[in-house]
Amino acid sequence: SKAFFSQLNPQFVFNALTPLQSHILKNEKLKSLEYLDRFSSLMRDILKNSDKMEITLKKELDFIKKYVAIQQIRFTPPFSFEINIDPGIDQENISIPAMMLQPIIENAIEHGVKDRGTEGKITVEISSITVQAQDCLQVEIIDNGVGITQNILKEGHALYILQKRVQTLQKRKGIIASLTHETGKNKHGTIFKLILSKTKNLWMP
């Protein structure tokens, strides 16, 4: 799992720097500076958590909000984004693998909503469910884009790493972990569904 996580960081950095390159080539100085400032803040978060295999749900969601904010700078007008979380979920006392949600949201942007303008929408729905008599966290990432294809799943390096990280968790005794996807409502867009045991520590015995 550590090996897969170490691959995810450089992949993320490469993808996240692409918009900055575009602003520089267009001589958009203010947009370049704004993007660089937000990107630096994001990198600080990654370095801060680089030695952690998991972080609290709250920190992961804070990271996602920063990531989406810098992605929205790329588009005029930008797509919309929202997070809806069950108020009964204790974000400070539930841990999830670090950077678990970012690859799915990146996919939703790049292969879903990036060309839809203000009509593009990504929603994160977080709720509690019971699986095999175990209290679990369910995270649904929903976009209204063009829909995912098998080619994207095969070629998407970050998604591949994410699937392998889930498979690693599945081997742990007493841990529920799954990642599935399906076509959205009315056959539009994609829904990724991540289910994880609700715990403060997924990796330790």
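Using a probe of 1.4 Å on the protein chains alone, the accessible area found for ARG44 is around 140 Å². In the chain, the longest principal axis of the Cα atoms and the axis of helix 2-25 are about 20 degrees apart.
For the residues GLU119, GLU182, a 1.4 Å probe over the protein chains yields an accessible-area ranking, largest first, of GLU119, GLU182.
Relative to its residue count, the stretch 95-205 spans a Cα convex hull of 108 Å³ per residue. Of the residues THR183, THR56, ranked by 1.4 Å probe accessible area with the largest first, the sequence reads THR183, THR56. Taking the empirical scaling 2.2 N^0.38 Å for compact globular proteins as reference, the stretch 153-197 has a Cα radius of gyration ratio of 1.32.
Probe 1.4 Å, all protein chains in place: accessible area of GLU106 in Å², nearest 10? Counting only protein heavy atoms, GLU106 exposes about 30 Å² to solvent.
Of the cross-linked pairs LYS66/LYS114; LYS121/LYS200; LYS58/LYS171; LYS58/LYS198; LYS173/LYS200; LYS164/LYS193, those separated by over 20 Å at the C-alpha level are LYS121/LYS200; LYS58/LYS171. Helix-only arithmetic for the chain: the sum of -39500 (n - 2.57) across DSSP H runs with n ≥ 4, divided by the residue total, places the mean residue ellipticity at 222 nm at -14000 deg cm²/dmol. Between LYS52 and ASP135, residue separation times 0.36 nm minus the direct Cα-Cα distance comes to 27.5 nm.
Computed over protein heavy atoms with a 1.4 angstrom probe, the accessible surface ordering of TYR160, TYR35, largest first, is TYR160, TYR35. Taken along its principal axes, the alpha carbon cloud of the stretch 21-127 reaches lengths of 45, 32, 20 Å, longest axis first.
In the chain, what percentage of the DSSP-assigned beta bridges are antiparallel, given to the nearest 5? Roughly 80 percent of the beta bridges in the chain run antiparallel, per DSSP.
Could you list the trypsin sites (Lys or Arg not before Pro) in the stretch 48-83 that lie in coil according to DSSP, counting only those with at most 15 other Cβ atoms within 10 Å of their Cβ? Those that pass, being in a loop and sparsely packed, are LYS52. The simple Förster model, with R0 at 30 Å and r as the Cβ-Cβ distance, assigns GLU28 and ASP115 a FRET efficiency of 0.95.
With both residues required to sit in the stretch 58-156, DSSP beta bridges show an antiparallel share near 60%. Once all protein chains are placed together, LYS114 keeps about 80 Å² accessible to a 1.4 angstrom probe. Rg then Dmax, both in Å and based on the Cα atoms of the chain: 16.9, 57.
For the stretch 15-56, the Kirkwood estimate of hydrodynamic radius, built from reciprocal distances between every pair of different alpha carbons, is 11.5 Å.
The values are calculated or read from the model by the stated rules, or taken from the named source; none is laboratory data. As the structure is a prediction and not an experimental result, all values here were calculated from the model. Note that we place each Cβ from the backbone using ideal geometry, even for glycine, and neighbour counts take in every protein chain shown. Areas reflect the complete protein model, heavy atoms only, side chains present, ligands, DNA and RNA absent. Shrake-Rupley method; radii C 1.70, N 1.55, O 1.52, S 1.80 Å.
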